[in-house]
Amino acid sequence: MWNHNFYWQCLRPATRMTGNRPTDDLAYLIDDTFGGIDALKAELVRQAMAQFGSGWVWLNALRRKPSATS
């Protein structure tokens, strides 16, 4: 149930983004870890397509080291 509620709460106007692009520290971490926002999106899609049935793919930032997990 938490995932469901969290998903709907995330559908609001962006606050720390310029257009559809993250800014500041988040942008730096994504660029440093994935090579850019397009590479991050590709990784999220790859993880989602590998998920059997329904599920979620998350962008985690544990110890300021982002990773995509399902």
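The values are calculated or read from the model by the stated rules, or taken from the named source; none is laboratory data. Predicted, not measured: the structure shown is a model, and the values here were computed from it. So basically every Cβ, Gly included, is an ideal-geometry build from the backbone, and we count neighbours across all protein chains shown. Accessible surface areas use protein heavy atoms only, side chains included; no ligands, DNA or RNA. Shrake-Rupley method; radii C 1.70, N 1.55, O 1.52, S 1.80 Å.
The table below lists the values:
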read-out: The one condition in (1) at pLDDT below 80; (2) open to solvent by 50 Å² or more (accessible area, probe 1.4 Å); (3) under 11 Å from the mean Cα position of the chain (by Cα) that Lys41 fails to fulfil; value: (1)
read-out: Matching option when the condition is among the β-branched types (Val, Ile, Thr) and at pLDDT below 80, among Thr33, Thr18; value: Thr18
read-out: Failed item, numbered, when Ala27 is tested on (1) open to solvent by 60 Å² or more (accessible area, probe 1.4 Å); (2) more than 25 Å from Met1 (Cβ to Cβ); (3) modelled with pLDDT of 85 or more; value: (1)
read-out: Check on Phe6, open to solvent by less than 80 Å² (accessible area, probe 1.4 Å) and modelled with pLDDT of 90 or more; value: no
read-out: Of all residues in the stretch 51-70 being in contact with a Leu (Cβ under 9 Å, 6 or more places away or on another chain) and of a type in the set (Lys, Arg), the one that is most open to solvent (accessible area, probe 1.4 Å); value: Arg64
read-out: First in the stretch 20-37 and acidic (Asp, Glu), second anywhere and open to solvent by 30 Å² or more (accessible area, probe 1.4 Å) and outside any helix (DSSP H, G or I), Cβ under 7 Å, 6 or more apart; value: Asp24/Arg16
